[in-house]
Amino acid sequence: MSRKLVFATQNKYKTQEVSAILKGAYEVLNLLDIGCTTDIPETASSFAGNASLKSKYVAENFGLDCFADDSGLEVKALKGEPGIYSARYAGGGGDQANLELVLKKMNGVTDRRARFVTVISLLMNGQEYFFEGRVNGTLREEPSGTAGFGYDPIFQPDGYSVTFAEMSGEEKNAISHRGLAMKQLIAFLNSEII
Ligand code: ITT
């Protein structure tokens, strides 16, 4: 039987991605699965700080080892925006509104370099560990593709001619920020003997 691991997220797409990556080795439970309906405040000023707030909330309130990620898109010409504000860049209008705001701000801008970043905080046996993944790419001028979520339809990873939203889940996970951070988490978990 596979071991259970709590992933402190309310984002169902992130749960699906991470479940697919950990398939076979771990059964992933998200916040709803453990009965946590609180919208955990993400008030820190860095990805690591926000990931930490989420994992600590679960450890303190549910007594469970868990991990959380904070992720986002950093656009060079926008001085790193939307960054930690990626999920609420347009103020609450959701993924489509966020994506449209980035496209609007990037209208006519020729330097379209951007990267996705994920930082994972793992709280295990009272100790905290961090893992980070990044993927560089460029922003399209128009959305393309329907897979994935968030900014996927406008992000084209370097070395590819398609956006994340035009890739299968497996292709995206193999090169994505979250996939890379998760690989480090898995290697760490596999190296733990107890
Ligand atoms: P939780 O905090 O509940 O985990 P969330 O959606 O708020 O879910 P984040 O705080 O990590 O997740 O915010 C990340 C936002 O960045 C997310 O809502 C997307 O807009 C964007 N994002 C992160 N990873 C992405 C990915 O793989 N593809 C596209 N957009 C992504």
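Bear in mind that the values in this text are calculations on the coordinates, not laboratory data. Computed from a predicted structure; not experimentally measured. A quick note on method: Cβ atoms are made from the backbone with ideal geometry, for glycine too, and the neighbour counts reach across all protein chains shown.
Scanning the range 8-35 for residues that are farther than 19 Å from Ala181 by Cα and out of contact with any strand residue (DSSP E or B) (no Cβ under 9 Å at 6 or more places or on another chain), we see that the one that is farthest from the ligand (Cβ to nearest atom) is Gly35. Kindly indicate whether any position in the range 44-66 is of a type in the set (Asp, Glu) and within 8 Å of the ligand (Cβ to nearest atom). Looking through the range 44-66, none of the residues is of a type in the set (Asp, Glu) and within 8 Å of the ligand (Cβ to nearest atom).
Outside any helix (DSSP H, G or I) and at negative phi, is that true of Leu101?
Numbers: outside any helix (DSSP H, G or I): no; at negative phi: yes.
In short, no.
Close Cβ contacts (under 7 Å, 6 or more residues apart or on different chains) running from residues in the range 1-27 that are without any contact (Cβ under 8 Å) to a residue 24 or more places away in the chain to residues that are surrounded by 15 or more Cβ atoms within 10 Å (Cβ to Cβ) comprise Thr15/Phe7; Thr15/Thr9; Thr15/Val28; Thr15/Asn30; Ser19/Val28.
Among the residues of the range 136-150, the one identified as touching a Lys or Arg at 6+ places or on another chain (Cβ under 7 Å) and over 18 Å from Asp111 (Cβ atoms) is Gly148. Restricting the first member to the range 158-180 and to residues that are more than 13 Å from the ligand (Cβ to nearest atom), and the second to residues that are part of a loop (DSSP other than H, G, I, E, B), the beta-carbon pairs closer than 8 Å and six or more apart or on different chains are Tyr160/Met167; Val162/Ser144; Val162/Gly145; Ser168/Ala147.
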